[in-house]
Amino acid sequence: MGGATAASLLPAAGKLPIKKAVLLSMLPRSLSFQERFQLARDVGFEEIECPTTPDWGDAERIKQASQKTGLRIHSVMNQAHWKYPLSSSDPAVVDTSIKGMQTSLENAAYWGADTVLLVPAVVNAETSYRDAWARSQERIRQLIPLAAKLKVVIAVEEVWNKFLVSPLEFVRYVDDFHSPWVRAYFDVGNVLIWAYPQDWIRTLGKRIVKLHFKDFTFKDRAAKFVNLGEGEIDWREVHKALADIGFQGTATVELGGGDQAYLKEVSRRVDQILAGEGLKIS
C-alpha cells in the first residue's frame, strides 16, 4: 500500500488546523505499548485512538505509554457494538453492549480522551430500521449521564450497517438527543460507495467532533482498502468542505497496519491532505 509518490493536483490552499492521529491497531503488535506510541510519534502522528480495554493492567500500561511519549490518546474505539449492538431485541445482548460502552467511557476518562466512537445500531433481517433507531436512541440516552459526568462525548459513527444512510438522517439522529454529549464521528470513506463525503461534511457541520480517514477502490462491486490517495476520494473537495465548516478536531487514519516506512508514508499523505494539496498517486 505504501511506497508510491504523491503528486499535487493543486497548489497548497492552507493547512487545516486538524491534528492527525493513528489507530493503535495499525502499529506493530510485536512492540510494547510504549514502543508503539513512540513509533507513532517518530513518523509524525500527534495523537492516537485506542480500543476498549477492559484489562486495567493494559489500560495502565497504555496510559504510561502516552505520558512517557507525549502522544495523546484522543479517542476510544468502542469494541462491543458490532457483536452486541444496542439495537438488539435481546436484553442480554443489550446489557453486554451497555457494559462495553461504560468501560469505553471509563477508559476515555482514565486516559484523558474526550470521545468514544460508537456504532449505534445494526440493521439486519431481525432488526428493522425503525426499531434500530428507537432502541439505540433509548439506550444511548441511558449512557448520557455517565458521559456527562466523565466529560466524554459519545461520538456516533456511520458505517456499513445499513443505518444512517443519508446525511439528513445523521443530522436528525444526533439532534434528537438535544445533548452536547452526543455528536458525530464522521468517516470520510464509509459513505463513498453511495455518496460524496464533502456533501456529508457540509450537512453535518458543527456536529462532527472527530474524523476517520481511509480510502477505497471499487471493482466488481467490491470495496478494497487502499492507501490514502490511491482510491476514489476527492481529497481536494474534502479539504474544502472541512475548511467551510471550520473543523478543528482530530482526523484518525483507519487503514491496515505496517512498518515504520509505511506509517511514515501514511503520515506524509495526511499532511498533504490537510495542506489542501490533494492526492493523486501515480
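The values are calculated or read from the model by the stated rules, or taken from the named source; none is laboratory data. Computed from a prediction, not measured in an experiment: that's the story for all the values here. Every residue, glycine as well, gets a Cβ built from its backbone with ideal geometry; the counts of neighbours run over all protein chains shown. For the accessible areas, the whole protein counts, side chains as well, though only heavy atoms, and no ligand, DNA or RNA atoms are used. Shrake-Rupley method; radii C 1.70, N 1.55, O 1.52, S 1.80 Å.
If I go through region 168-194 residue by residue, how many of them are under 28 Å from residue 234 (Cα atoms) and open to solvent by less than 20 Å² (accessible area, probe 1.4 Å)?
Matching residues across region 168-194 total 11.
Which ones in region 63-80 are surrounded by 21 or more Cβ atoms within 10 Å (Cβ to Cβ), in a loop (DSSP other than H, G, I, E, B) and at pLDDT 95 or above?
Correct list: 71, 78.
Please identify the pairs in which a residue from region 110-126 that is under 14 Å from residue 210 (Cβ atoms) has its Cβ atom under 6 Å from the Cβ atom of a residue that is crowded, with 22+ Cβ neighbours inside 10 Å and basic (Lys, Arg), counting only partners at least 6 apart or on another chain.
Note: pairs meeting the criteria are 115/210.
For region 44-57, name all the residues that are within 20 Å of the chain's Cα centre (by Cα) and open to solvent by less than 70 Å² (accessible area, probe 1.4 Å).
44, 45, 47, 48, 49, 50, 51, 52, 53, listed by residue number.
I need the full set of residues from region 128-160 which are of a type outside the set (A, V, I, L, M, F, W, C) and surrounded by 21 or more Cβ atoms within 10 Å (Cβ to Cβ), in order please. Full working, then the answer.
Within region 128-160, the subset of a type outside the set (A, V, I, L, M, F, W, C) is 128-131, 135-139, 141-142, 145, 149, 151, 157-158.
Across region 128-160, the qualifying residues are 136, 157, 158.
Is it true that residue 153 is at pLDDT 95 or above, under 21 Å from residue 99 (Cα atoms) and touching a strand residue (DSSP E or B) at 6+ places or on another chain (Cβ under 7 Å)?
Yes; evaluated as a whole, the condition is true for this residue.
Inside region 257-277, can you point out the residues that are in contact with a strand residue (DSSP E or B) (Cβ under 9 Å, 6 or more places away or on another chain), under 17 Å from residue 15 (Cβ atoms) and crowded, with 18+ Cβ neighbours inside 10 Å?
267, 269, 270, 272, 273, 274, 277
Let me confirm something: among 222, 261, 275, 251, which residue is of a type in the set (A, V, I, L, M) and farther than 30 Å from residue 39 by Cβ?
Result of the check over 222, 261, 275, 251: 222.
Show me the strands (runs of 3 or more DSSP E) found entirely inside region 202-256 where at least 1 residues are without any contact (Cβ under 8 Å) to a residue 12 or more places away in the chain, open to solvent by less than 10 Å² (accessible area, probe 1.4 Å) and more than 26 Å from residue 50 (Cβ to Cβ).
It comes to none.
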